[in-house]
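The values are calculated or read from the model by the stated rules, or taken from the named source; none is laboratory data. Just so we're clear, the structure is a prediction, and the values are computed from it rather than from any experiment. Accessible surface areas use protein heavy atoms only, side chains included; no ligands, DNA or RNA. Shrake-Rupley method; radii C 1.70, N 1.55, O 1.52, S 1.80 Å.
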Amino acid sequence: MILDDGVKRLVDGAKRLVNGAKRLVNGAKRLDNGAKRLVNGAKRLVDGVKRLVNGVKRLDNGAKRLVDGAKRLIHEVQRLDDKKCRVNIANC
């Protein structure tokens with residue numbers, strides 16, 4: 001009787017140990033998956049920031065081209081106005 005109780009306790013303890021080991025393995029898998037997801041998210045964030053920086057650069061270049069075009073337009077209008085003044089002084 002005492003031996004049977006001891007064996008039952010031993011078996012129950014072994015089952016608990018196995019269940020605990022399974023839980024530990026599942027927790028480790030979850031942790032690994034979470035770490036992978038975190039790394040992938042960080043990579044996506046870095047890629048997004050790179051795309052944002054490239055977009056800002058393109059926007060800046062476009063703004064510079066727009067300003068240069070406006071300057072050229074102003075100079076051309078001034079040149080035509082000066083030409084008109086030279087042809088007909090009464091218009092100035």
(request) Using the structure shown, decide if residue 84 is at pLDDT below 95, in a helix (DSSP H, G or I) and open to solvent by 100 Å² or more (accessible area, probe 1.4 Å). (result) yes
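One line per residue, one yes/no per condition, for (1) of a type in the set (D, E, K, R); (2) open to solvent by 90 Å² or more (accessible area, probe 1.4 Å); (3) within 49 Å of the chain's Cα centre (by Cα); (4) modelled with pLDDT under 95:
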| position | (1), (2), (3), (4) |
| --- | --- |
| 3 | no, yes, no, yes |
| 8 | yes, yes, no, yes |
| 18 | no, no, yes, no |
| 42 | no, no, yes, no |
| 46 | no, no, yes, no |
| 58 | yes, yes, yes, no |
| 64 | yes, yes, yes, no |
| 78 | no, yes, yes, yes |
| 91 | no, yes, no, yes |
